[in-house]
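See below for the structure under consideration.
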Amino acid sequence: MNRPRRDDRTVCRRRFLQFLAGSPLLALSGPAWLGDLLEAAETPGEVPGGSIITSPGEAINVFDLEAAAREKLPPAHFGYLSTGVDDDATLRANRAGFSKFQIRPRRLVDVANVDTSVELFGTTWKSPIVLAPAASQRAFHPDGEVAAARAAGAKGHLMILSTGATVSVEDVRAAHGGPIWFQLYPTDTWRIGQALVKRAEAAGCPVLVLTVDLPAGRNTETERRFARTDTRQCSGCHALGFPGYVRRKPMFDGLDVTGVGLFSPRLTWDAVRRLKHTTKMKLVLKGIETREDAELCLRHGVDGIIVSNHGGRAEESGRSTIECLPEIVDGVQRRIPILVDSGFRRGTDVFKALALGARAICIGRPYLWGLGAFGQPGVERALEILTREFELMMRHAGVTSLAKLDRSFIVDGRRT
Ligand SMILES: Cc1cc2nc3c(=O)[nH]c(=O)nc-3n(C[C@H](O)[C@H](O)[C@H](O)COP(=O)(O)O)c2cc1C
């Protein structure tokens, strides 16, 4: 029997999922994974007729890149990229949160020229859109972090490199061409964390980003469901447990990782103090979601904050980061720069966050979709699309530079 063509299979799968979703049995409390699969099946990027884009230039929005990445990547790797935790409720909340804030555009302003440049710790970047740290990028494309870095460097964007990168900090720094920041999982062993910090510093990273939102692992059910549908033998590339994890992670080369764990349940403000004394790099904390913790950042001499829930991949708080942002901005009172990530997919999302007081925003999945679909040109396309959308929104709102963006451009729909 002939197998249906891939395009036909996509359409059949979508229809089947739509049928299931419409079933009265599932209508009230359908399982979350059904919603996720349905959402994935309905992602734009399938041009009429059901085919997927075949070149980066065809992507109209970043979701088109998602569809192309889903088509190209092995299921287990796409599952790792897409997953949230538990019911993926925080993942969805991150998107829904943006609709709670509306934009107040101003008219009759000369917007022929708009300047999106932003200064972060003494370096001026062409754009406030930053590549968030993401581990294991060679799981998405053979060029991995090098492709992402070349794209970011070529287009004037900052990149933050993950501890779990599959290319070394030295090589990524060279591929980018400018100063990249290094994200630290300090592990549960100070000797290892210290070695990682020293190496990043020696490679010329001006900023260390300490991720604080994963003290105890996580429950990534969507990832596990996708992995079940993958027929390949994963242990050929990476084994379970920490030694298996670091096998293809060059930042750990030469380090004795016997008995070491990636996440540390004992990470406290003491570690922050210790890191401040260990390195000359600026210290930014990633994963802050409350005003209380933002104020503690100030008390501990932290130099910057990334408001983040790890793209809905850490705890299932159910709260979007765009909703966390205002209380943190109020607590910090402009004393240190605030960045924010999780769920940014549109130029209007970027506009809202900057108007609410963020200095810059980070994206994770959108550039990883581009990477998985097309390598460096795919990452460049994701950045182009978001930049074009953001600049368009600036023009529509009558804003000619980031310094002119403030809360007067936003209606907080949660209060009206
Ligand atoms: C595949 C993947 C790997 C990630 N790896 C890391 C990591 O190693 N360190 C880290 O701090 N955050 C990591 N993150 C979280 C991102 O830095 C960022 O917080 C998140 O992706 C932003 O949400 P978004 O994907 O909705 O844009 C990862 C995210 C993804 C999707």
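The simple spin-label model puts a point 7 Å past each Cα toward its Cβ; for His277 and Val114 those points are separated by 4.7 nm. Projecting the Cα atoms of Ile103, Thr187, Val207 onto the charge dipole of the chain (Cβ charges, centred on the Cα centre) puts Val207 farthest toward the positive pole. The residues of the chain expose, per residue, 44 Å² of accessible area to a 1.4 Å probe.
Computed over protein heavy atoms with a 1.4 Å probe, the carbon and sulfur contribution to the accessible area of the chain reaches 52%.
Using the empirical formula 2.2 N^0.38 Å as the baseline, the Cα radius of gyration of the chain reaches a ratio of 0.97. Taking the square roots of five times each eigenvalue of the Cα gyration tensor of the range 259-416, the equivalent ellipsoid has semi-axes of 28, 22, 15 Å, listed largest first. Subtracting the Cα-Cα distance of Leu296 and Asn219 from their residue separation scaled by 0.36 nm leaves 24.9 nm.
Think of the range 284-397 as having a plus end and a minus end, set by charges on the Cβ of Lys, Arg, Asp and Glu; of Ala294, Val329, Ala353, Ala353 sits farthest toward the positive end of this dipole.
The trypsin sites (Lys or Arg not before Pro) of the range 244-341 meeting both criteria, a DSSP state outside H, G, I, E and B (loop) and at most 11 other C-beta atoms within 10 angstrom of the site's C-beta, are Arg266, Lys280, Arg334, Arg335. With contacts taken as Cα pairs under 8 Å and at least 6 residues apart, the chain reaches a relative contact order of 24 percent.
Modelled spin labels at Arg228 and Ile103, positioned 7 Å past Cα toward Cβ, are 4.1 nm from each other. Counting Lys and Arg as +1 and Asp and Glu as -1, what is the net charge of the other residues whose Cβ lies under 13 Å from the Cβ of Arg150? Within the 13 Å Cβ shell, the charges total -2. Calculated on the alpha-carbon coordinates, the convex hull of the range 312-401 measures out at 114 cubic angstrom per residue. Other residues lying with their Cβ under 11 Å from the Cβ of Ser342 contribute a combined charge of +1, Lys and Arg counting +1, Asp and Glu -1.
Net charge dipole, the chain: roughly 160 debye, given to the nearest 20, about the Cα centre with Cβ charges of +1 for Lys and Arg and -1 for Asp and Glu. With the simple model of a label 7 Å out from the Cα in the direction of the Cβ, Ser55 to Gln194 spans 5.4 nm.
The string of couplings for the range 243-256 from the Karplus curve (6.51, -1.76, 1.60, θ = phi - 60°) is x, x, 4, 7, 4, 10, 10, x, 5, 9, 3, x, 9, 7 Hz, one whole number per residue in order, with x for Gly and Pro. Over the chain, dividing the summed -39,500 (n - 2.57) contributions of all DSSP H runs of at least 4 residues by the number of residues returns a 222 nm mean residue ellipticity of -13000 deg cm²/dmol.
What percent antiparallel are the DSSP beta bridges of the chain, to the nearest 5? Antiparallel: roughly 25 percent of the beta bridges in the chain.
Summing Cβ point charges (Lys, Arg +1; Asp, Glu -1) relative to the Cα centre of the range 46-128 gives a dipole of roughly 380 debye.
Using the Cα coordinates of the range 133-175, the gyration tensor eigenvalues translate into equivalent-ellipsoid semi-axes of 15, 11, 9 Å, sorted from longest to shortest. Between the listed residues Gly364, Ser235, Phe121, the Cα displaced farthest toward the positive end of the dipole of the chain, a dipole computed from Cβ unit charges relative to the Cα centre, is found at Phe121.
The values are calculated or read from the model by the stated rules, or taken from the named source; none is laboratory data. Since the model is a prediction, treat every value here as computed from it, not as a measurement. Cβ sites come from the backbone with ideal geometry, for glycine too, and all protein chains shown count toward neighbours. Areas reflect the complete protein model, heavy atoms only, side chains present, ligands, DNA and RNA absent. Shrake-Rupley method; radii C 1.70, N 1.55, O 1.52, S 1.80 Å.
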